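Before any comments, here is the structure.
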Amino acid sequence: PLSLPTLPSVSPTPRSVQHVGHSPPSPPPSPPGAVRAGATLSVFSFQAPCQCFGHSKRCSYLLLFRAAVCVSCRHRTRGRQCHLCRSGYHRNPSAQLHHHNICLDCQCNPDGSLHRRCNDTGYCDCKAGGTGPKCDKCLPGYYWHRGCRARVCDNVLTRCENGGVCEDNGRCLCHPPYTGLLCEKHQCKKGAGACVSQSPQDPSFTHLLLSLTALLITANDHGAL
């Protein structure tokens with residue numbers, strides 16, 4: 001009988017097997033406008049758009065909320081998408097959101113405003129008597145001197161009394177012995193048991209002179225007798 005040749009035995013080569021959970025497949029390429037999450041989040045195949053309107057190039061990813069937050073916003077912007085203005089700046093109404101000049105300085109007057117912040121339209125919070133978008137003007141009844149101060153005198157409606165002179169609409173320069181906001185108070189020195197005026201125009205001084213004159217006349221009359 002015809003015998004067949006014996007073939008050498010060959011051990012089968014084991015096939016490599018991938019186990020689920022050891023080496024996950026690579027995620028699909030990110031679509032335009034999306035940025036892959038970090039390595040710690042790649043096992044979840046998590047991706048979220050990183051939209052910062054050109055004011056940042058990096059995002060932090062919040063897995064719990066499945067959201068991306070812009071990091072280190074530039075051009076004086078802030079917010080999750082760099083879509084808000086920082087404190088002391090307001091939105092430029094004539095610029096698009098992606099423009100580098102989207103946020104403008106409030107420019108609040110430091111003497112007339114309460115702080116350097118303003119509202120969305122650029123108006124600052126003014127101190128008492130102040131007005132204007134930047135608090136650099138005064139309301140009627142106030143004058144500007146390192147801020148708005150109440151107008152004390154104007155030589156028209158409110159005059160200084162007793163010969164006082166209005167200075168810069170802010171205060172009355174009083175002649176002695178008068179003092180007070182409008183020079184309405186009389187000030188005198190205390191003498192020997194009486195208040196002696198410093199000015200011969202004062203009524204009390206005139207009354208004292210008349211009394212002394214009458215006393216001298218009376219004494220002369222008695223001496224003549």
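The values are calculated or read from the model by the stated rules, or taken from the named source; none is laboratory data. Since we're looking at a predicted model, the values are computed, not measured. Virtual Cβ from ideal backbone geometry, glycine too; neighbours counted across all protein chains shown.
Scanning the stretch 166-173 finds one or more residues that are on the phi > 0 side of the Ramachandran plot and surrounded by 15 or more Cβ atoms within 10 Å (Cβ to Cβ). Identify, from the list Gly112, Gly79, the residue that is in the same structural domain as Arg146 (by TED's automatic domain parsing) and either among the polar types (S, T, N, Q) or modelled with pLDDT of 90 or more (or both). Only one candidate qualifies: Gly112. Among the residues of the stretch 139-168, those that are touching a strand residue (DSSP E or B) at 6+ places or on another chain (Cβ under 6 Å) and assigned to a loop (DSSP other than H, G, I, E, B) comprise Leu139, Arg151, Val152, Cys153, Asn155, Cys160, Asn162, Gly164. Per this entry, Tyr61 is counted among residues that are aromatic (Phe, Trp, Tyr) and touching a Leu at 6+ places or on another chain (Cβ under 8 Å). When you check Asp120 against the structure, is it modelled with pLDDT of 95 or more, charged (D, E, K, R) and outside the structural domain of Asp168 (by TED's automatic domain parsing), yes or no? So Asp120 does not fit the description; no. Being closer than 30 Å to Arg86 by Cα, without any contact (Cβ under 8 Å) to a residue 60 or more places away in the chain and touching an Asp or Glu at 6+ places or on another chain (Cβ under 7 Å), is that true of even one residue in the stretch 134-147? Looking for residues that are closer than 30 Å to Arg86 by Cα, without any contact (Cβ under 8 Å) to a residue 60 or more places away in the chain and touching an Asp or Glu at 6+ places or on another chain (Cβ under 7 Å), one finds at least one in the stretch 134-147, hence yes. Any chance the stretch 78-98 includes a residue that's farther than 30 Å from Cys183 by Cβ, without any contact (Cβ under 8 Å) to a residue 60 or more places away in the chain and touching a His at 6+ places or on another chain (Cβ under 7 Å)? Checked against the condition, which is being farther than 30 Å from Cys183 by Cβ, without any contact (Cβ under 8 Å) to a residue 60 or more places away in the chain and touching a His at 6+ places or on another chain (Cβ under 7 Å), the stretch 78-98 yields at least one hit. Looking across the stretch 89-125, the residues that are in contact with an Asp or Glu (Cβ under 7 Å, 6 or more places away or on another chain) and more than 14 Å from Cys135 (Cα to Cα) come down to Tyr89, His90, Arg91. Scanning the stretch 109-123 for residues being surrounded by fewer than 14 Cβ atoms within 10 Å (Cβ to Cβ) and of a type in the set (Ser, Thr, Tyr) gives a total of 1.
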